[in-house]
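Asks: I'd like to ask some things about the structure below.
FYI, it's all coordinate maths here, none of it is from the lab. Model, not experiment: these values are computed from the prediction. Heads up, the Cβs are rebuilt from the backbone with ideal geometry, glycines too, and the neighbour counts pull from every protein chain shown.
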Amino acid sequence: MNFLKRLFSKQSRIPRVNIKQRFELIGRVGQGSMSKVWRARDYNTGKIVALKVLHKEKTEELEARFVGLNKPKEGEIAVQFHHPHIVKTFEHGITTDNEQFLVMEFIEGYSLSYLVEAQNEDMRTNCLKYMIQLGEAINYFHQENWIHRDICPRNIMVDNAHQLKLIDFGLVVPNTAAFLQPGNRTGTAAYMAPELIKRQKTSQKIDIFSFSVTCYEMLSKRLPWEAAETLDAVLQHINTPPENIQNLLPDLNPQVAEAIMKGLELYPQDRWQTMKAMLEPLKQAYQSSHEHLKESKAKPSATPSAKPQTATSKSTTSPPRKKKAGDQTTSQTKRSPHAEKRIKKNDAQDAPLKNDRPSPKKPKPKRKKPDENS
Ligand SMILES: Nc1ncnc2c1ncn2[C@@H]1O[C@H](COP(=O)(O)OP(=O)(O)OP(=O)(O)O)[C@@H](O)[C@H]1O
Ligand SMILES: [Mg+2]
């Protein structure tokens, strides 16, 4: 019976591709927790592509969580996206070794994790622009009725033309009732919304939360809550209010600071209700910073060497964002992967998460509203 099922299943009708015959594997570019990624030449077209081959057992384990729900495969989902800030997937299929694979445009550039760590000229100049580009990608996702579930710098790249690209759709689920049920704590701990950690019902607002954590980190190089060893410890942290980013960066445009802090609200109903709504203040801040920039360029008295002011512009007279101790501008310091460790196990109660963030100096006050379910 099982044999017959397999024989007539959708998967058995997909032709198998011998990766080594079809592609010249030029070099490994990434080792995700779920896959291997190569820079490769497609012999069919002669083009350079990114070839992502999913780890068979880990993918089966992930898919088993959605058994009966008919969760589309990563490749099936990825080929549907057509957006300037989402990596293009040309093709997907199954290898002769029975692994899923995706063929994507190859992004020449950097991981956003690197830019967060480096806080270099590119990041200081373009931070708000990148935040908006990421927000636009998530907004597109949401309007197409998906939830990303794993927004974090590790899953975002910036190409050499300074365009941001969302790259990893391994945990994407449809935004339908069956996929919003409580229980499944997949994601990256430090970016996970409280309701996800507490195994409550989810919504697209979990992406708004992760986006806000990512923006906080892009601007300040810090997570709103210090990384913790276990998900229970993360739960404790999210019950305390995060440090207001405006305190860390007094020159940050208050509209941007308020937008991020609202995205980090404990309760989904207190957050931005849509990604589109959150994008508005960010876009306004971007526009006003550019108007100030034009004005200051027009005035001969303005400092000629002043850098374009973006997210950190309260006014044309604001000093540029202060450099913090530990900021890197030249060396390619790699960000510790521990802050972004993904929780893959269904029962991730005791999943170890290494802490690469300093402990807070003083205890923070508890959030006003009591925790419901911890
Ligand atoms: N289209 C691409 N162009 C260039 N490099 C890419 C591309 N896609 C992925 N990479 C590289 O491969 C790495 C892993 O890719 P990806 O995040 O999709 O894999 P993953 O196994 O799902 O990751 P994880 O589960 O650890 O988040 C990326 O961090 C990046 O360095
Ligand atoms: Mg990834």
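Asks: With label points built 7 Å along Cα→Cβ from the Cα atoms of N70 and K276, find their separation and express it in nm.
Replies: About 2.8 nm, to one decimal.
Asks: Computed FRET efficiency, Cβ-Cβ of T125 and Q246, R0 30 Å: what is it to the nearest 0.05?
Replies: 0.90
Asks: Expressed as a fraction of 2.2 N^0.38 Å, the rule-of-thumb size for a compact globular protein of N residues, what is the C-alpha radius of gyration of segment 109-295?
Replies: That works out to 0.98 for segment 109-295.
Asks: In vacuo Debye scattering of segment 53-144, one point per C-alpha: log10 I(q)/I(0) at q = 0.11, 0.17 Å⁻¹?
Replies: -0.46, -0.94
Asks: What percentages, rounded to whole numbers, describe P(r) for segment 7-105 computed over all alpha carbon pairs with 5 Å bin width beginning at zero?
Replies: Bin by bin from 0 Å, the calculated values are 2, 12, 21, 26, 21, 12, 5, 1.
Asks: Let me ask you something else. Which order do I14, I197 fall in if you start with the one that has the fewest other Cβ atoms within 10 Å?
Replies: Going from least to most buried by this count: I14, I197.
Asks: Going by how many other beta carbons lie within 10 Å of each one, how would you line up F179, F23, fewest first?
Replies: With the sparsest Cβ surroundings first, the list reads F179, F23.
Asks: A further question follows. Past the 20 Å Cα-Cα mark, which pairs from K52/K88; K56/K201; K36/K221; K198/K221; K165/K276?
Replies: As for pairs spanning more than 20 Å Cα to Cα, those are K56/K201; K36/K221; K198/K221.
Asks: If you don't mind, there's one more thing I want to ask. For segment 216-302, calculate the relative contact order in percent as a whole number, restricting contacts to Cα pairs under 8 Å that are 6 or more residues apart.
Replies: Reported as a whole number, the value is 19 percent.
Asks: Taking neighbour counts of Cβ atoms within 10 Å as a proxy for exposure, in what order, fewest first, do C152, C127 appear?
Replies: Least to most surrounded, the residues fall as C127, C152.
Asks: On a full-extension model of 0.36 nm per residue, what is the gain between Q80 and N160, subtracting their alpha-carbon distance, rounded to one decimal in nm?
Replies: Length gained between Q80 and N160: 26.3 nm.
Asks: Using the beta-carbon distance between Q269 and I48 and R0 = 56 Å, what value does 1/(1 + (r/R0)^6) give for FRET efficiency, to the nearest 0.05?
Replies: 0.75
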